[in-house]
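Undergrad: Have a look at the structure that comes next, please.
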Amino acid sequence: MPLVPVSVLLKEAAAEGYAVGAFNCNNMEIVQAIVAAAEAEKAPVIMQASQGAIKYAGVDYIAAMVRVAARGARVPVALHLDHGTSFDQVVRCLVAGFSSVMIDGSHLPLEQNIALTRQVVSAARPVGVSVEAELGRIGGVEDDIAVTDREAFFTDPDEARYFVEQTGVDSLAVAIGTAHGRYKGEPRLDFDRLSRIKELVSVPLVLHGASGVPDEAIREAIGRGVRKINIDTNIREAFVGAARRKLDENPQEIDPRKILGPAREAAIEVIREKMRVFGCSGKVRG
C-alpha cells in the first residue's frame, strides 16, 4: 500500500489509546526488519530517517527502499524525517516522497522556532505531508545533534499550547526527562508535566529517546497522551550485537548475508517487543 502520513496513524492511535512505534532505519536489513515486525504484529508502523541515515545512505535510497517495503506490506507504513534541522532538508525529503517530516527548531528562541515551523507546515500541508515539531530540548546524542545535560530543558506546558496554536503542527515532541542514546541510569519522567501538556495541547504528543525507558514508564506515558514513540538505540544494540556474535563464532566468515541475516532477525524481535509494549500490536485488522 502507499505510504501514509504519520498524522493519520496518530489519529487512530488517539482514538484507541495506544502509541505507534517510530523506528529509525539506516540500511536495507533494518528496513526489512521493521516491516517484518509490523506485519508479524499486525501493527501500523513509522519508519524514520535521521540526518545521519540520510548522509549514510542518501535520501533517495532510503525513500526508494521504504516505498518498496510499503508497497508489499499488509500494514500501513509512514516514512518520516527525524530531527530535520533546516527548511531545505525538509524540502528535499518532500521531493523524495516522505509522508511526514519533523522540523527540530528546539535550539532556537521560541518565536524563531515558531517561524521556522510555520514555514515547514506551509510547504508540507499542500502536498499532504504531516509535520512534527519539538519544544524543549532532549538531552543526549542523535547522529549530528548533541545536547548536553546543561543545554537540555523540559517543555513548558503554556509555551506548548502557544506553540501549537501558532504553528498548526500535527504532533509535538516534548521533553519530559528522556534522552537520546544509552542512559547512564534509569530515566525519571515528569508525568505531571506530561499530563499538563496534554490538557493544554490539542495534537498528539511524541516521546523521543525511549530506548532504555522501562516498560511501565512507557505505558504510563501512553496513558497520559503520548501517541508516537521513537526507538533507535535498542535496534542498533540488537542488530550489532547479533552481527558481532556471528563473527565471533566464525571469524573467517566473508559472506555479509550470513552476518547481516541474523542481525536482521535480532532487530525484528526487539521491534516486535516494543510494539507489544506500545499497544499497537493487533490494531491492523483484515
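The values are calculated or read from the model by the stated rules, or taken from the named source; none is laboratory data. Since the model is a prediction, treat every value here as computed from it, not as a measurement. Glycine also receives a Cβ, built like all others from the backbone with ideal geometry; neighbour counts cover every protein chain displayed. Just the protein is used for accessible areas: all its heavy atoms, side chains included, with ligands, DNA and RNA removed. Shrake-Rupley method; radii C 1.70, N 1.55, O 1.52, S 1.80 Å.
Undergrad: Can you tell me which residues in the range 1-17 are modelled with pLDDT of 95 or more, out of contact with any Asp or Glu (no Cβ under 6 Å at 6 or more places or on another chain) and open to solvent by 10 Å² or more (accessible area, probe 1.4 Å)?
TA: Within the range 1-17, 3, 4, 5, 8, 11, 12, 14, 15, 16, 17 meet the criteria.
Undergrad: Out of the range 35-64, which residues are more than 16 Å from residue 2 (Cα to Cα), open to solvent by less than 10 Å² (accessible area, probe 1.4 Å) and of a type in the set (A, V, I, L, M)?
TA: Selection gives 37, 49, 53.
Undergrad: Also: For the range 65-80, how many residues meet the condition of being touching a helix residue (DSSP H, G or I) at 6+ places or on another chain (Cβ under 9 Å) and open to solvent by 40 Å² or more (accessible area, probe 1.4 Å)? Walk me through it before giving the result.
TA: Initial filter on the range 65-80 (touching a helix residue (DSSP H, G or I) at 6+ places or on another chain (Cβ under 9 Å)): 65-66, 68-70, 72-80.
Right, trim to open to solvent by 40 Å² or more (accessible area, probe 1.4 Å) and you get 65, 68, 72, 74.
Here the count works out to 4.
Yes/no matrix, rows are residues, columns are (1) in contact with a His (Cβ under 8 Å, 6 or more places away or on another chain); (2) of a type in the set (A, V, I, L, M, F, W, C); (3) over 18 Å from residue 173 (Cβ atoms); (4) part of a loop (DSSP other than H, G, I, E, B):
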| residue | (1), (2), (3), (4) |
| --- | --- |
| 38 | no, yes, yes, no |
| 43 | no, yes, yes, yes |
| 61 | no, no, yes, no |
| 64 | no, yes, yes, no |
| 70 | no, yes, yes, no |
| 74 | no, no, yes, yes |
| 82 | no, no, no, no |
| 93 | no, yes, no, no |
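Undergrad: Which residues, taken from the range 53-79, are touching a residue at least 40 places away in the same chain (Cβ under 8 Å), of a type outside the set (A, V, I, L, M, F, W, C) and closer than 13 Å to residue 98 by Cα?
TA: 67, the sole residue that qualifies.
Undergrad: Moving to a separate point now. Quick one: count up the residues across the range 111-148 that are open to solvent by 10 Å² or more (accessible area, probe 1.4 Å) and either among the small types (Gly, Ala, Ser) or at pLDDT 95 or above (or both).
TA: Matching residues across the range 111-148 total 16.
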